[in-house]
Every structure is written in C-alpha cells, then in structure tokens.
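Reading through the structure tokens given below for one structure.
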Amino acid sequence: MTREQTGYADHTYRSGSAMVGGSLLLLLVLLLAGDGLLNGEGRTRWTALAGLLFLAPLIVAFSLRPAVFAGRERLRVRNPFRTITLPWAAVEDVRAGYSSEVFAAGRKYQMWAIPVSLRQRKRALRQGGGRAPANLSGPGSVFAGNHPAGPEGTYRAQADQAVAEIRTLAGRHASDEGAQGAPDVRWAYEILAPAAAGGIALLFLQLLG
C-alpha cells in the first residue's frame, strides 16, 4: 500500500500491489482484444470489442480505482463501484480487523484501498518483540508501524498504520466547522455503465451463436 501526502492532514492511500497487478492485467486484456479486433473475422471482432468493454472497467474498478483520501474536512473512500464522502464529524469509528472499515451514521463502509495483511501483522509482532494490542478490531487496537515504532514500542502493519492515522485525523478534526455534515454515497456509473453494456453485448452474442 502506498501513501501520498499532499499537504497538512491530507493523505492518499492506495494499494501498490493492486495497481501493479491491475495494470498488467489491463495490458493483457488490451493486447488480446486488439489481436481479436485486428486479426479476427465476423463475430470474433464483436466478441473482442464486447469483452474489452466488459472487462476493462471491472479491472480498473477493482485495482486502479480504489483509494482513500483523508483531508482536513472529510474522508473520501473510493471503492470499486461507489464513492463515499464522510465529513469527519460523521465518522464514528475506523477499524482494521480482517478488512479496513469505517463506521458512520450507523453504517459500515469497507475501504478497499487499504487491504489487511495478516502476514504483515505477524511480521510486525516479531519486530515488536511480541508486543501488540489484544484486540485488533476495536477502538485503540490498531498495531503500531510496520517499520517505525509506535506507542509503547509496538509495531504496525501498513493497513493498521493507515487506520491509526485516519482515526487520529477523525478525532482531531471532528469538531471543525468545515467537517460537519452527513455521509454522501455516489455510484460510479462511469464504471457500471460500460461494464453492463459489455456484459449485455457478450450475452447477446452468445445467444446468437
């Protein structure tokens, strides 16, 4: 997972491995579809085009699109098919159990861009001499840094480090005037529409066959 800091209390979290894997997979799909379009005949070309229209948005959605933006006034969670904007005052809790989650207005939202690695947690335990909080999913239970030492000499895996930072920002800015408001959830129609069109086209071509 990579983190970019663009200003005071302004962080961007992404999964580096997902971005690399998604880019390679997208390149492979583009090569295969291009070959079908250039060298195929008849229905093969239409199938290649429909497959590209179906697969490319899904690959982007699950690998390149996910990101978490933590700013002065709000947390913006960009998942494969939705973007959730949460003013800090609406954030009730941020946890990292088997997945990274943020709770707001009585609802739970998963943060796809911050994957939890149990292997990293075990490594953090070894680096920290076995010292770690007992409960990984409750308030104040996040591990302390994968590389830097955290409070009381503990060490944090990358996901736990990110969740700890987001939780700190929520506590720091929840009372700010610009951080008030209700959660806002928007669907990523720029992903859903072409993927649906490609899927329908593929089904139609299969029925014709």
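The overall shape of segment 1-114 is prolate: from the C-alpha gyration tensor, with semi-axes ordered a ≥ b ≥ c, the ratio a/c is 1.5 or greater and a/b exceeds b/c. Using the Cβ-Cβ distance between ARG186 and TYR98 with R0 set to 22 Å, the FRET efficiency from 1/(1 + (r/R0)^6) comes to roughly 0.25.
Starting from the Cα-Cα distance between THR44 and ARG82, subtract it from 0.36 nm times their residue separation and give me the gain in nm to one decimal. List each step's numbers first, then the result.
Working: separation 38, 0.36 × 38 = 13.68 nm, distance 3.29 nm.
10.4 nm is the gain from fully extending THR44 to ARG82.
For TRP88, neighbours were defined as the other residues whose beta-carbon sits under 12 Å from its Cβ, and their charges (Lys and Arg +1, Asp and Glu -1) total +1.
Which percent of the accessible area of segment 46-129 is formed by carbon and sulfur heavy atoms (probe 1.4 angstrom)? Here carbon and sulfur together make up 55 percent of the probe-accessible area.
The values are calculated or read from the model by the stated rules, or taken from the named source; none is laboratory data. Please read these numbers as outputs of a predicted model, since none were measured by experiment. When we count neighbours, we look across all protein chains shown, and the Cβ atoms used for this are built from the backbone with ideal geometry, even at glycine. When the accessible area is computed, the model is the full protein with side chains, heavy atoms only, and any ligands, DNA or RNA have been set aside. Shrake-Rupley method; radii C 1.70, N 1.55, O 1.52, S 1.80 Å.
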